[in-house]
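Participant: My structure is below; once you've seen it, I'll send some questions.
The values are calculated or read from the model by the stated rules, or taken from the named source; none is laboratory data. The shown structure was predicted, so the numbers you read here are calculated from the model rather than taken from an experiment. Because the Cβ atoms are built from the backbone with ideal geometry, glycine has one as well, and the counts that use them run over all protein chains shown. Heads up: the accessible areas ignore ligands, DNA and RNA and are worked out on the full protein's heavy atoms, side chains in. Shrake-Rupley method; radii C 1.70, N 1.55, O 1.52, S 1.80 Å.
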Amino acid sequence: TDTAIYAGFSNGRMMAFNPDNGLILWEQRIALPKGRSELERMVDIHSTPLEKDGVIYVGTYQGRVSALSRGTGSPLWGQDASTSENLAISGDKLFVSHADGKIVAYNAASGEQLWVNDKMLRRGLNGPQVFGDYLAVVDYKGYMHILNQTDGEFAARVRVDRKGARAPMLTNGETLYVYTNRGKLIAYQVKKAK
């Protein structure tokens, strides 16, 4: 379908709805609950579904990162992962901030893992965002880490706010907008080499 509303639910299901009448167009289970306790069985889809070129990308907490056909909901690929943050995409790469603090780049078409940055474990990262040739994440102490999209290596680091920045970062491709927990709105751009 060309027009639909996509929503993820706390039971690990993703659904597409007709915006005219609310009818379900398709439904797909992204993750199955596992474990003995309620906490272990949580598979919430908390991140906003991301759409690009007819593909819906979605991540679940304690579940999977998956790519689905926008029109039918058919799975294209899936990888075991845990995230409650929004995903980011640039060109042929999908970027995911895992719950444990790893940043992972996947091939958006195949799901193949391209690189992993595991140098920010347990830092409570927000969802990644792309700008220019870089990727940004903010940790719970308010440090914004800038990574190269090609290999995940650090390019820069700056403190945006001592209280952090939990709101999703926004971008127009070249400028990155960060809204901090203390109510500051900051715009960053990549300085061009002279």
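Participant: Taking the simple approach of a point 7 Å from Cα along Cα-to-Cβ for both R122 and R157, what is their distance in nm?
Facilitator: 1.6 nm
Participant: Take each of the peptides 110-123, 130-143, average the number of other beta-carbon atoms within 10 Å over its residues, and list them starting from the highest.
Facilitator: 130-143, 110-123
Participant: Just the Cα atoms of region 3-110, one point each, no solvent: what log10 I(q)/I(0) does Debye give at q = 0.13, 0.17, 0.21, 0.22 Å⁻¹?
Facilitator: So the normalised log intensities are -0.44, -0.74, -1.08, -1.16.
Participant: At 0.36 nm per residue, minus the direct Cα-Cα distance, what do K184 and Q79 gain on full extension? Give it in nm, one decimal, please.
Facilitator: Numbers: separation 105, 0.36 × 105 = 37.80 nm, distance 3.58 nm.
My answer for the length gained is 34.2 nm.
Participant: For R64, list long-range residues whose amide hydrogen, built 1.01 Å from N in the peptide plane, is under 5 Å from its own amide hydrogen.
Facilitator: Under 5 Å from the amide H of R64 lie the amide H atoms of A81, each far enough along the sequence or on another chain.
Participant: Given all pairs of different Cα atoms, what value in angstroms does the Kirkwood hydrodynamic radius of region 59-129 take?
Facilitator: 12.2 Å
Participant: Heavy atoms only, 1.4 Å probe, whole protein assembly: order E85, E174 by accessible area, highest first.
Facilitator: Result of the area sort, largest leading: E174, E85.
Participant: What is region 58-98 by shape, rounded, prolate or oblate, if you read a ≥ b ≥ c off the alpha carbon gyration tensor as root eigenvalues and call it rounded for a/c under 1.5, prolate for a/b larger than b/c, and oblate otherwise? Walk me through the numbers on the way to the answer.
Facilitator: Numbers: a/c = 2.05, a/b = 1.22, b/c = 1.68.
Note, shape of region 58-98 comes out oblate.
Participant: Okay, next question. Which number comes out as Rg/Rh for region 127-178 once both Rg and the Kirkwood Rh are worked out on C-alpha atoms?
Facilitator: In region 127-178, Rg relative to Rh is 0.94.
Participant: Out of residues 5 or more away from F131 or on other chains, whose amide H comes under 5 Å of its own, with H placed 1.01 Å from N in the peptide plane?
Facilitator: Hits under the 5 Å cutoff: A136.
Participant: Over the Cα atoms of region 89-194, what is the Rg over Rh ratio if Rh follows Kirkwood?
Facilitator: Details: Rg = 13.1 Å, Rh = 13.8 Å.
Ratio of gyration radius to Kirkwood radius: 0.95.
Participant: Relative contact order of the chain, please, whole-number percent, based on alpha carbon pairs below 8 angstrom and at least 6 residues apart.
Facilitator: Relative contact order comes out at 10 percent.
Participant: Arranged from highest to lowest average of other beta-carbon atoms within 10 Å per residue, in what order do the peptides 72-83, 56-67 appear?
Facilitator: Highest to lowest by the protection proxy: 56-67, 72-83.
Participant: Modelled label-to-label distance, A167 and T48, 7 Å Cα→beta-carbon offset: nm?
Facilitator: Rounded to a tenth, the inter-label distance reads 1.2 nm.
Participant: Can you count the Lys pairs in the chain with C-alpha separation below 22 Å, eight or more apart or on different chains?
Facilitator: 12
Participant: So what J values fall out for region 112-117 if you push phi through Karplus, 6.51 cos²θ - 1.76 cosθ + 1.60 with θ = phi - 60°, rounded to Hz, Gly and Pro as x?
Facilitator: Karplus-based 3J(HN,Hα) across region 112-117 equals 4, 6, 8, 7, 9, 10 Hz.
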